[in-house]
Amino acid sequence: ITRLVDKSIVSMAALLVNAASFDGTWAEPFEPDLTKLEPFHCRNGRTVSTPMMCKTESMDYAESDPYQACHLPYRAGTGFSLYLLLPKNGIELSTTSIDDAMRESLDPFGPAFAGRKGTIWLPRFRSRQNIDLSHTLPAMGMAVAFDTAKADFDLMIEPGPLPFFLTNVIHEDTIDVD
């Protein structure tokens, strides 16, 4: 994340910024010389040529009627993993169906995943999103922070003649899988 805010913020009384970084080195890295341009089929039906990483090894694998899934851990000590869900032909996964799958014990320590030798082809990609959380956070219980009369930031900012409250909360993240 190289630029979180722009020059339009000069009239703000305060700016709270948070950035997080994660160096996601794979526990079992993909061999760079096995990465090759291969066809990738997009949700919109288009096929594009993209660098595909490849490896064959024993990995945590699960399968159900709508999907196949595997669990790829990052290096030891991070506690992070990548869970890949691949819909079977004719099935479209939605956020709801992924949430349902996770509730059905897609847990690396649960019965759904078991070690199985296989080959995985994974596209190298970057996903970037910028989200306005100004409506989400109040719905999650933080409405007081956005209320001109009830917001209380006195421990952070010396009280002034005008009330201090949140108007916007922006979150940006970038995920590189390579």
Those residues that are part of a strand (DSSP E or B), more than 20 Å from Asp173 (Cβ to Cβ) and in contact with a Phe, Trp or Tyr (Cβ under 7 Å, 6 or more places away or on another chain), I need them from the stretch 117-148; list them, please. Gly118
Return the residues of the stretch 21-59 that are assigned to a loop (DSSP other than H, G, I, E, B), open to solvent by 90 Å² or more (accessible area, probe 1.4 Å) and either at pLDDT 85 or above or not basic (Lys, Arg) (or both); say none if nothing qualifies. Ser21, Phe22, Asp23, Glu28, Glu31, Asn44, Arg46
So which residues in the stretch 164-175 are assigned to a loop (DSSP other than H, G, I, E, B) and open to solvent by 80 Å² or more (accessible area, probe 1.4 Å)? Thr167, Asn168
Answer yes or no as to whether Arg75 is exposed (fewer than 15 other Cβ atoms within 10 Å of the Cβ) and in contact with a Ser or Thr (Cβ under 9 Å, 6 or more places away or on another chain). yes
Looking only at the stretch 126-142, and only at residues there that are exposed (fewer than 13 other Cβ atoms within 10 Å of the Cβ) and of a type in the set (A, V, I, L, M, F, W, C), the one that is nearest to the chain's Cα centre (by Cα): Ile131
Output the number of the condition that Pro108 fails; it satisfies all remaining conditions of (1) modelled with pLDDT under 80; (2) open to solvent by 40 Å² or more (accessible area, probe 1.4 Å). (2)
Only one of (1) assigned to a loop (DSSP other than H, G, I, E, B); (2) hydrophobic (A, V, I, L, M, F, W, C); (3) modelled with pLDDT of 80 or more; (4) open to solvent by 90 Å² or more (accessible area, probe 1.4 Å) fails for Phe153. Which number is that? (4)
Considering every residue within the stretch 64-79, establish whether at least one is part of a loop (DSSP other than H, G, I, E, B), modelled with pLDDT under 90, more than 20 Å from Trp26 (Cβ to Cβ) and out of contact with any strand residue (DSSP E or B) (no Cβ under 9 Å at 6 or more places or on another chain). yes
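The values are calculated or read from the model by the stated rules, or taken from the named source; none is laboratory data. Just so it is clear, the model here is predicted, and its values are computed rather than measured. When we count neighbours, we look across all protein chains shown, and the Cβ atoms used for this are built from the backbone with ideal geometry, even at glycine. We work out accessible area using only protein heavy atoms, side chains counted, and drop any ligands, DNA or RNA first. Shrake-Rupley method; radii C 1.70, N 1.55, O 1.52, S 1.80 Å.
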